[in-house]
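Worksheet for the structure shown next.
The values are calculated or read from the model by the stated rules, or taken from the named source; none is laboratory data. Model, not experiment: these values are computed from the prediction. Neighbour counts are summed over all protein chains in view; Cβ atoms, including those assigned to glycine, are modelled from backbone coordinates with ideal geometry. Quick note on the areas: whole protein, heavy atoms, side chains included, nothing else; ligands and nucleic acids left out. Shrake-Rupley method; radii C 1.70, N 1.55, O 1.52, S 1.80 Å.
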Amino acid sequence: MKYFISCNERTGTLYHEFCKGLWDRKSYWQEGSLLIHDDVLHDTGLARIFRNCVPEFDLYAVTEIYPRHWEEICRSAEKQGGEALEAVKEAQPWAEQVFEEYGVFTYIGI
């Protein structure tokens with residue numbers, strides 16, 4: 001993957017975590033989570049897209065992302081194009097599987 005990594009690939013702590021389902025408020029770097037480096041989140045424009053599409057989104061906190069949010073994020077990335085769209089497409093299979101199984105994923109900021 002170009003934009004996201006697994007927890008096993010993580011070097012350092014400057015990663016935002018997308019964990020499956022609702023976060024238990026204590027476990028970080030969970031198996032099955034997707035991680036995106038802070039620089040990548042900003043450089044691709046995804047940070048801005050998330051802020052614009054999810055009213056309660058906070059880069060430095062915990063935000064639950066539901067399918068309606070993800071759909072809006074995908075539409076916004078499609079309009080922007082470039083690396084934002086590429087990154088969303090990369091995460092799409094993971095997001096679809098998580099929504100099917102859990103109905104939500106949780107963004108954990110740094």
Go through segment 52-70 and report how many residues are in contact with a strand residue (DSSP E or B) (Cβ under 9 Å, 6 or more places away or on another chain) and hydroxyl-bearing (Ser, Thr, Tyr).
2
Pair list, Cβ under 7 Å, 6 or more apart: segment 1-17 residue aliphatic (A, V, I, L, M), other residue assigned to a helix (DSSP H, G or I)
1/90; 14/38
Residue pairs meeting the criteria (Cβ under 8 Å; at least 6 apart or on separate chains; first without any contact (Cβ under 8 Å) to a residue 12 or more places away in the chain, in segment 52-68; second not polar (S, T, N, Q))
none
Hey, could you check segment 18-28 for residues that are closer than 19 Å to residue 97 by Cβ and more than 10 Å from the chain's Cα centre (by Cα) and say which is least open to solvent (accessible area, probe 1.4 Å)?
21
Using the structure shown, decide if residue 15 is aromatic (Phe, Trp, Tyr), surrounded by fewer than 17 Cβ atoms within 10 Å (Cβ to Cβ) and within 13 Å of the chain's Cα centre (by Cα).
no
